[in-house]
Structure formats: C-alpha cells, structure tokens
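Asker: Sharing a structure here in structure tokens format.
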Amino acid sequence: MIGKLAPWYREHGRHALPWRASRDRWTVLVSEVMLHQTQVPRVAAVFDTFMARFPTPAATAAAGPAAVITAWGRLGYPRRARWLWEASLRIVQDGWPSDLSELPGVGRYTAAAVAAQVDDDDRVGIEVNIRRVCERVLGTRLAESEAEECVREIGKGLRPRDRLLAMMDLGATVCTARAPSCDRCPIVSLCATRGTHADETKRRPQARYVGSFRQRRGTVMARLRVGPVAAAELDGEVLASLLDDGLAEVTRGRAHLPRPPRRGSSPGAGVRGR
DNA sequence: AACTCGGGGGT
DNA sequence: ACCCCAGAGTT
C-alpha cells in the first residue's frame, strides 16, 4: 500500500505543540507524563511554565517534591508529580536507565514513546489513539501485540518518531472516539470500518466523581496548594491517604501536619492509626 | 482482571 | 448525566 500517512503527517501533524520542539529526554518525558489521561490543550496551557521552572532532572530533584506537586497545579492525578520528582532524583543519582519503565510512574507506553521520540527507537508504544486507529483499520479488537504489528504495517516508511506522532495525531484529530472524520482520513482506503464499530476497546467506566473519595482528595489537595493549613481543618481520612502517597509534602515547611507513619509503627487510637 | 487515582471539557 | 482523555500501580 502506498504510504499516505507520511504526507498527511507533514501537512496536518500537530507540530506546533510545545513539547514537539524538543528532543531532550527530560522534556519529552515530562510531556508524556503530563499527558496521562489528560487532554492535550490542558497540558499545552501549562507546559512551558512548568519546564521553565523544572528544565532538567537536576533542577527538579533540587526543588523538592513540594515544589513539583504545587507547580503541577490542577492537572490532576498529582501522584504523577510526586513520581516525576522521584524519577528526577533517581536520574540525578544513577543516570538515565536504559529502560525508562524502571522509573516510577513510567510504564510500557511512556517508555516506548519517549524512546521513539528522542532516539527514534523502533519499539512501538500503544495508547488510546493508536489502539483506536488500528482497531478500526482491522475492524476488530486487538491485543497490544497485534496493535503493535498493525502500527508497523501502517507506518511503513516512517521513522519511529514520526510513526508514533503521525498515528497519534491521526487518532486525535481525524479518527476520533465519537465522530471520526473519515472524509479527511489519509488511510480510509485500507480501513475495514470507516466509522465506529461495536467491538472497539471501551474505556473502563470511571466511578462517579461527584461525591467520591477522589473528589474529597482533590478538595484537600486544592486547599494544600493555596498555603498553610492546620491538619485539624482537613478531612482526616483524606489526609491519611495523601500522606501514604507522599502528596501532603506539598505543605512541607508551611503547615503543621503529622509525619508519615514509619513502617511497623503501632497504630494509635486516631483515625486510621494516625 | 478489576480498582484506584483528578479534573476539565464536550455532547 | 455521561463520555472522553498520549496510563500506571496495586490488589
């Protein structure tokens, strides 16, 4: 099949996204972590400001977890910020691991995506957009290994970096989840579906957010970001879970909070042993 | 395999 | 109200 994806990508790829300008490993890693379950426009809005403050692993590690978690702002899933700081510390101490999935918060997809973008590594990462494109092209649900093979087929002639970004951009801007624009699709001629089909991998339905424990955590995190607050003013159960995740360090030096419990310490009579 | 983990925007 | 989002870690 003639490669129509490459010219489409050259013309319609989202080359202006701020992180696309760099092949710096740290810059690309930060972008990928921020993009976990988070839409592109939300990341684009804060990316340059974040990178100006945390331009390198050394700067990030030196800034400490509280600064990173605070700067994360309202991006959501603040554990990502905590893990990113931990990753920066490991990189400073031990150097970059050959497999980035050794870093906290970096899984199969992110490790492959960073390697592809920075080193043109041939490993294929599968995320939601690429999976959707492949499942529609083949007209059936795919295991990860099958999706990888599909990407190699569709992306023939593209270098790994361009292959990854072209497939993602296609999924994000043309082969969208709800209403694909098949009339604008460069590979519609080899697509078995040309629309949506019932067998597509479905997102696991999230638990209702309004009224959830997650929302309570979000409320406490928002309060902690503002500034000092006494622990007694916060939801104790939520605060305990934040301490478990290393997120209450956002308040280090600014508030009176209990220290995280030591392993093996005996629980007291308080809320959940704290 | 199923759960948990934020938050915002689109429909 | 429900769906969607460049996932990862834990159980």
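The values are calculated or read from the model by the stated rules, or taken from the named source; none is laboratory data. Note that this is a predicted model, so its numbers are computed, not measured. Cβ sites come from the backbone with ideal geometry, for glycine too, and all protein chains shown count toward neighbours. Surface areas here come from the heavy atoms of the whole protein model, side chains and all, with no ligands, DNA or RNA. Shrake-Rupley method; radii C 1.70, N 1.55, O 1.52, S 1.80 Å.
Asker: Please indicate, with yes or no, whether at least one residue in the stretch A:176-192 is hydroxyl-bearing (Ser, Thr, Tyr) and within 16 Å of residue A:10 (Cβ to Cβ).
Answerer: First, the residues of the stretch A:176-192 that are hydroxyl-bearing (Ser, Thr, Tyr): A:176, A:181, A:189.
Now restrict to residues that are within 16 Å of residue A:10 (Cβ to Cβ): none.
There is no residue in the stretch A:176-192 that is hydroxyl-bearing (Ser, Thr, Tyr) and within 16 Å of residue A:10 (Cβ to Cβ).
Asker: Return yes when residue A:74 is within 16 Å of DNA strand B (Cβ to nearest atom) and surrounded by fewer than 16 Cβ atoms within 10 Å (Cβ to Cβ) and no when it is not. Before you say what the answer is, go through the steps one by one.
Answerer: Values: within 16 Å of DNA strand B (Cβ to nearest atom): yes; surrounded by fewer than 16 Cβ atoms within 10 Å (Cβ to Cβ): yes.
Here the answer is yes, as residue A:74 does meet what is asked.
Asker: Now for a separate question. Where residues in the stretch A:85-115 are within 16 Å of DNA strand B (Cβ to nearest atom) and within 24 Å of residue A:129 (Cα to Cα), which of them is most open to solvent (accessible area, probe 1.4 Å)? Before the answer, list the steps.
Answerer: The first filter runs over the stretch A:85-115 and keeps only residues within 16 Å of DNA strand B (Cβ to nearest atom), leaving A:85-86, A:101, A:104-110.
Now restrict to residues that are within 24 Å of residue A:129 (Cα to Cα): A:101, A:104-110.
On the way: A:101: 47, A:104: 37, A:105: 31, A:106: 13, A:107: 33, A:108: 163, A:109: 41, A:110: 5 Å².
By that ranking, first place goes to A:108.
Asker: Evaluate the following for residue A:44: is it open to solvent by less than 60 Å² (accessible area, probe 1.4 Å), under 19 Å from residue A:18 (Cα atoms) and at pLDDT 95 or above? Steps first, answer last, please.
Answerer: Values: open to solvent by less than 60 Å² (accessible area, probe 1.4 Å): yes; under 19 Å from residue A:18 (Cα atoms): yes; at pLDDT 95 or above: yes.
Criteria met by residue A:44.
Asker: Okay, moving on. Starting from the stretch A:199-211, take each residue that is under 15 Å from residue A:128 (Cα atoms) and list its partners that are open to solvent by 100 Å² or more (accessible area, probe 1.4 Å) and assigned to a loop (DSSP other than H, G, I, E, B), counting only C-beta distances under 9 angstrom and pairs at least six apart or across chains.
Answerer: Note: pairs meeting the criteria are A:199/A:141; A:200/A:141; A:201/A:141.
Asker: What number of residues within the stretch A:184-231 are over 27 Å from the mean Cα position of the chain (by Cα) and assigned to a helix (DSSP H, G or I)?
Answerer: 5
Asker: Tell me which residues, restricted to the stretch A:153-188, are more than 10 Å from DNA strand C (Cβ to nearest atom), in contact (Cβ under 8 Å) with a residue 12 or more places away in the chain and among the small types (Gly, Ala, Ser).
Answerer: Within the stretch A:153-188, A:155, A:157, A:166 qualify.
Asker: Now for a different question. Show the residue pairs that are 6+ apart or on different chains and have beta-carbon atoms under 8 Å apart, the first residue being within the stretch A:75-92 and within 8 Å of DNA strand C (Cβ to nearest atom), the second being part of a helix (DSSP H, G or I) and β-branched (Val, Ile, Thr).
Answerer: That search, which allows pairs on different chains as well, returns A:80/A:33; A:83/A:33.
Asker: Now for a different question. Give me the residue from the stretch A:206-230 that is more than 11 Å from DNA strand B (Cβ to nearest atom) and closer than 21 Å to residue A:67 by Cβ and, out of that set, surrounded by the fewest Cβ atoms within 10 Å (Cβ to Cβ). I'd like the intermediate steps shown before the answer.
Answerer: Filtering the stretch A:206-230 down to residues more than 11 Å from DNA strand B (Cβ to nearest atom) leaves A:211, A:226-230.
Narrowing the set further to residues that are closer than 21 Å to residue A:67 by Cβ leaves A:226-229.
Details: A:226: 8, A:227: 10, A:228: 11, A:229: 16.
Across the stretch A:206-230, the extreme among qualifying residues is A:226.
Asker: Would you check if residue A:157 is of a type outside the set (A, V, I, L, M) and at positive phi? Explain how you work it out, then say what you get.
Answerer: Working: of a type outside the set (A, V, I, L, M): yes; at positive phi: yes.
Taking the combined requirement at face value, the residue satisfies it.
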